[in-house]
């Protein structure tokens, strides 16, 4: 019985809970801010930047003095044997075996090393700034893609949202027309043709509205993916049409510079990194030189309990050099490989310029075409509104028939949807053009 009461209470509470889940309103700016905070791909790039920065610091730490402490303890079960001449009768040429050392031993060694010449450290220093720059540029590329894709998805969702609004207004108007046509038919003033035409138009509009709502859900799902918004979040998009129109046009005569593209900056950084790698290969003939200082304390005794009663310290300082003389030609081959890889990057830089030039021309042509279409659709929409108003008045006066009203209404609806569609296409193509020019604005992270 208690379980039934609990179930009833939950079902009574459920509608209240659902009503409490109000939809959140998002402008494009708010969506971008949310995407910068939540997008997993962007978070991965931020972490990658931090990883590279810490790797650079780790590589450069080798220039600092390296200090350490070593200790050991060991016991001889059989002491080592040393062979000495017979000191009692050296002329005999005989030797004698002598066991050396004591059974119980312990060493404590404190050491400090300072690298003076080290090719790996020279490379780390030469590549450090370029590695950090490339990580920052890669992050910027991810932010640019996220900004452009989120903006385009926002405009696509707005198109579906506006289409829903337009079709809902049409349905309200068509429902009134159907009601009026039915009243005229039932009064015997007209036949049932106008009534049936109004009914068909209404059903078609309802079908189109259902499709528009489904398209809107797909667009919203895409936006949630890009912005990192939970799936069950109710969203509603906000925008200012006048502000959108005011920002639709850009200068199509403006020249662009390859250096503005972060792809170019990133490739230049990679080229600088490879130049440092080539210099590293050419310096492979340098020796490795370190300065060192060691301080040792040796404990030794024949009795285990007396091991640490007395220590025998010693210390030394000096230099240590390592110079490989022959490595089978490996260094020459590594120089050639590094040089070929650098030439690959130079060829990639030329290829990138050609690609950027094509992308810019495609984006510019698409933007100009959509801008022209938008201007045309604006005039078409204005004309369709005038025609619909005129035909509606003439129908009320009995001059036009209902078929012409439906045709004028269809033209009006199509022109309004085409106008909104053209506007959002302009905004989406504008984002592609800004990306092609390297002018997409992003937020600092």
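The values are calculated or read from the model by the stated rules, or taken from the named source; none is laboratory data. Note that the structure is predicted; figures quoted are calculated from it, not measured. Methodologically, a virtual Cβ is constructed for each residue, glycine included, from the backbone with ideal geometry; neighbour enumeration extends over all protein chains shown.
Every condition in (1) over 51 Å from the mean Cα position of the chain (by Cα); (2) outside any helix (DSSP H, G or I); (3) touching a residue at least 40 places away in the same chain (Cβ under 8 Å) holds for residue 181 except the one numbered (2).
Within the range 117-129, count every residue that is surrounded by fewer than 20 Cβ atoms within 10 Å (Cβ to Cβ) and in contact with a helix residue (DSSP H, G or I) (Cβ under 8 Å, 6 or more places away or on another chain). Let's see the steps before the verdict.
We begin by selecting, within the range 117-129, every residue surrounded by fewer than 20 Cβ atoms within 10 Å (Cβ to Cβ); these are 117-123, 125-126, 128-129.
Checking which are in contact with a helix residue (DSSP H, G or I) (Cβ under 8 Å, 6 or more places away or on another chain) leaves us with 118-123, 125-126, 128.
Count: 9.
Would you call residue 231 surrounded by fewer than 16 Cβ atoms within 10 Å (Cβ to Cβ) and closer than 26 Å to residue 378 by Cα?
On the way: surrounded by fewer than 16 Cβ atoms within 10 Å (Cβ to Cβ): yes; closer than 26 Å to residue 378 by Cα: no.
So residue 231 fails the test.
Which ones in the range 75-116 are assigned to a strand (DSSP E or B) and exposed (fewer than 10 other Cβ atoms within 10 Å of the Cβ)? Within the range 75-116, 81, 83, 97 qualify. Looking only at the range 368-391, decide whether some residue is in the same structural domain as residue 271 (by TED's automatic domain parsing), in contact with a helix residue (DSSP H, G or I) (Cβ under 8 Å, 6 or more places away or on another chain), without any contact (Cβ under 8 Å) to a residue 24 or more places away in the chain and not in a helix (DSSP H, G or I). No, the range 368-391 contains no residue that is in the same structural domain as residue 271 (by TED's automatic domain parsing), in contact with a helix residue (DSSP H, G or I) (Cβ under 8 Å, 6 or more places away or on another chain), without any contact (Cβ under 8 Å) to a residue 24 or more places away in the chain and not in a helix (DSSP H, G or I). Quick check: anything in the range 209-229 touching a helix residue (DSSP H, G or I) at 6+ places or on another chain (Cβ under 8 Å), at pLDDT 85 or above and part of a loop (DSSP other than H, G, I, E, B)? Yes.
Residue check: residue 249 meets all listed conditions (1) in a helix (DSSP H, G or I); (2) surrounded by fewer than 17 Cβ atoms within 10 Å (Cβ to Cβ) but one, namely (1). Evaluating residue 264 against the criteria (1) at pLDDT 85 or above; (2) part of a loop (DSSP other than H, G, I, E, B); (3) within 26 Å of residue 434 (Cβ to Cβ) leaves one unmet condition, (2).
Test residue 127 against the criterion of being assigned to a helix (DSSP H, G or I), within 14 Å of the chain's Cα centre (by Cα) and not assigned by TED's automatic domain parsing to the domain that holds residue 307, and give yes or no. No: the conditions fail for residue 127.
Of 104, 110, which residue is in contact with a helix residue (DSSP H, G or I) (Cβ under 7 Å, 6 or more places away or on another chain), touching a residue at least 60 places away in the same chain (Cβ under 8 Å) and in the same structural domain as residue 307 (by TED's automatic domain parsing)? If you could, list the steps in order and put the result at the bottom.
On the way: 110 fails: in contact with a helix residue (DSSP H, G or I) (Cβ under 7 Å, 6 or more places away or on another chain).
The unique qualifying residue is 104.
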